[in-house]
2 protein chains.
Amino acid sequence: MNFNEKLMRITEKNNSLLCVGLDIDKEKMPKFLFDSRDNPFLEFNTQIIDATKNVVCAYKLNMAFYEVFGKKGFDLLEKTIEHIPKEIVIILDGKRNDIGNTAQKYAQTLFDVLHADAVTVNPYLGKDTVQPFLEYKDKCSFILCRTSNPSAVDFQNLTVSKTPLYQMVAQKIKEWNIYGNCGAVVGATYPEELKIIRKILGDDIPLLIPGVGKQGGCVEKAVEYGTNSAGNLAVINSSRDIIFAGNNEDFAEYSSKAAESLRNEINTYR
Amino acid sequence: MNFNEKLMRITEKNNSLLCVGLDIDKEKMPKFLFDSRDNPFLEFNTQIIDATKNVVCAYKLNMAFYEVFGKKGFDLLEKTIEHIPKEIVIILDGKRNDIGNTAQKYAQTLFDVLHADAVTVNPYLGKDTVQPFLEYKDKCSFILCRTSNPSAVDFQNLTVSKTPLYQMVAQKIKEWNIYGNCGAVVGATYPEELKIIRKILGDDIPLLIPGVGKQGGCVEKAVEYGTNSAGNLAVINSSRDIIFAGNNEDFAEYSSKAAESLRNEINTYR
């Protein structure tokens, strides 16, 4: 089963385009976990997963939040991934890339060692650096196209022969999609660009859309512009608003409610 | 002591602009290490370090080659770093970046947890994502400007209002160098671009220059175009040609000779 099929299946089963970002952060997590639990981060993740697994299509793990714990972080990453039901898409968000033989090692780490279904990849180094990721034909590589942060404009909006760079990147992604396993990262904070990118990419390329919630992206526009013509292949990520919704022993219930609520809000616009 | 001072000191002491890349790779390493040693990778790195520490200014550890071993790789990374003499510059080459709060975690991992002197950073996401790295004022962030791989042209050579993107990146690096801790990565495989970039950056910004050796970059041009007007602040990396120079029990001697030879070749052009 290739990535798009897996995504479509879980989207249909859970009626959801919602991706929950497991961006663990001690300062934002319920305090009681650190008083009473051996492995508070794993306890947090497993409770969040158990509470939200029926209303999401994907979980996204941002590598930076795990790497900062060194060896223990790697262990936590592995154990969290093990706890995610097999039918749900796992996105490892490391925004990696490097020249060819090195990119191959990154791809191997993320897909083979950590069993990601999808990864995020930085395009600045060009095609030969993206290719080792694309060789994993049943996986998906979400290539950064239009990121959600304010300084995204610094380079991504530069105009190249009348075309902004991010659109050149989108055109390349379409060109690179020979195995049907390219995706694109596009921030919900830039809805007009999202609309243009979906138009360039067509109906078969999934979009990973961060930036709703705290960053200020509009859910309605993320859905309207980000989905394909069948209302699918958009993975709308929310991290902090969901995983840090509650602060006490019942925090997972709050996460569950927040996830269900956002899933439903997304669906009203599909 | 800030990064440029540390680099200048070791450059002077070892009379060297040479950086050795510790890109471990089982298939290229001496076979006997895997028959006879408990931790062949650490044994390899420590022997290479011992054999080359008097002729280098820096060691560069490419994160991908360590991450692929999971927890063990992190341990190996830490132990290798511990073995590098304090006066030698440690460059952790992960080409990381992400939006602000995430970039901060990457910076923390590389500078605080792993004690890097310098890191490599991908600029595609723009200034607010580079800033968390720059907040480490005594460290150096080598920002990808012109990478050494063939597909570097895909985006880096796109022309923006008559200026190629990589030159726009160079201009931004100069602008971002408020704390004097920016560097730039420029591949030796593109000598003309290297010349232009050094001109844009001036004399105070160090260049990390990969691509001599196997990738085909010319050492003479790397030195001529990459150094500042005093013949300094260029860090010329070689990985495979040095660390895989020998294949038997005396492999480290071969590495030592290869490093000394390249150090001396570099110096003939300074």
- When the helices in chain B are scored as -39500 (n - 2.57) per DSSP H run of 4 or longer and the sum is shared across all residues, what 222 nm value do you end up with, to the nearest 500 deg cm²/dmol? -12500 deg cm²/dmol
- Provide a whole-number value for the mean count of partner chain Cβ atoms within 10 Å of the Cβ atoms in peptide A:115-124. 3
- Would you give the gap between the C-alpha center of region B:184-218 and the C-alpha center of region A:194-270, rounded to a whole Å? 42 Å
- Note on the structure: So, over other residues within a Cβ distance under 13 Å of B:Asn228, counting Lys, Arg +1 and Asp, Glu -1, the net charge is +1
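How many partner chain Cβ atoms sit within 10 Å of a residue's Cβ in peptide A:153-162, on average, as a whole number?
5
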- Once phi is turned into θ = phi - 60°, what whole-Hz ³J(HN,Hα) does the Karplus curve with 6.51, -1.76 and 1.60 give for every residue of region A:185-201, x standing for Gly and Pro? 8, 9, x, 5, 6, 10, x, 5, 5, 4, 4, 5, 5, 4, 5, 5, 7
- Query: Of the residues A:Glu27, A:Glu82, A:Glu175, which exhibits the maximal mean-square fluctuation in a Gaussian network model of chain A defined by a 10 Å Cα contact cut-off?
  - Reply: A:Glu27
- The long-range amide H neighbours of B:Ile143, using H built 1.01 Å from N in the peptide plane and a cut-off of under 5 Å, are B:Val121, B:Gly183, B:Ala184, B:Val185
- Shortest first and in nm, the label-point separations between B:Glu220 and its counterparts in the other identical copies (7 Å out along Cα→Cβ) come to 6.7
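Taking 0.36 nm per intervening residue step and subtracting the Cα-Cα distance, what contour gain separates B:Arg240 from B:Tyr269 on full extension?
Answer, rounded to one decimal: 8.2 nm.
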- Using only alpha carbon pairs under 8 Å that are at least six residues apart, calculate the relative contact order of region A:1-135 and give it in whole percent. 23 percent
- Message: I need the phi-derived Karplus couplings for region B:144-160: 6.51 cos²θ - 1.76 cosθ + 1.60, θ = phi - 60°, integer Hz, Gly and Pro marked x.
- Response: 4, 10, 10, 6, 8, 7, x, 6, 3, 5, 3, 10, 5, 9, 5, 9, 10
- Going by how many other beta carbons lie within 10 Å of each one, how would you line up B:Val223, B:Val56, fewest first? B:Val223, B:Val56
- Place the label 7 angstrom along Cα→C-beta at B:Asn2 and in each other copy, then list the distances from the first to the rest in nm, shortest first. 5.2
- Message: Connecting C-alpha atoms closer than 10 Å in a GNM of chain A, tell me which of A:Arg96, A:Arg37, A:Arg198 has the biggest fluctuation.
- Response: A:Arg37
- Out of B:Thr120, B:Thr109, B:Thr147, a Gaussian network model of chain B with alpha-carbon springs under 10 Å gives the largest mean-square fluctuation to B:Thr109
- Likely footprinting exposure, A:Lys86, B:Lys95, fewest C-beta neighbours within 10 Å first: A:Lys86, B:Lys95
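Across peptide B:18-25, how many C-beta atoms of other chains are within 10 Å of each residue C-beta, on average?
Mean partner shielding for this stretch: 1.
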- Straight-line reach from A:Lys105: which lysines have Cα under 20 Å away, leaving out those fewer than 8 places along the same chain? A:Lys71, A:Lys95, A:Lys127, A:Lys137, A:Lys139, B:Lys26, B:Lys28, B:Lys60, B:Lys71, B:Lys72, B:Lys95, B:Lys214
- Message: Spelling out what I want: for every residue of region B:231-244, take phi, set θ = phi - 60°, compute 6.51 cos²θ - 1.76 cosθ + 1.60 (Karplus), and round to whole Hz; glycine and proline get x.
- Response: x, 10, 6, 10, 10, 9, 8, 9, 10, 4, 4, 9, 6, 10
- Whose amide H sits under 5 Å from the amide H of A:Ser239, counting only residues 5 or more places off or on another chain, with H placed in the peptide plane? A:Gly21
- Among A:Tyr166, A:Cys140, A:Asn248, the residue whose Cα sits farthest towards the positive end of the charge dipole of region A:3-268 (+1 at Cβ of Lys and Arg, -1 at Cβ of Asp and Glu, taken about the Cα centre) is A:Tyr166
- Query: At B:Asp203, label 7 Å along Cα→Cβ: distances to the other copies, nm, ascending?
  - Reply: 6.3
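Laboratory data are not the source of any read-out in this text; all were calculated from the coordinates shown. Note that the coordinates shown come from a computational prediction; the quantities given were computed from them, not determined experimentally. For neighbour counting, all protein chains shown are included, and Cβ atoms are generated from backbone atoms with ideal geometry for every residue, glycine included.
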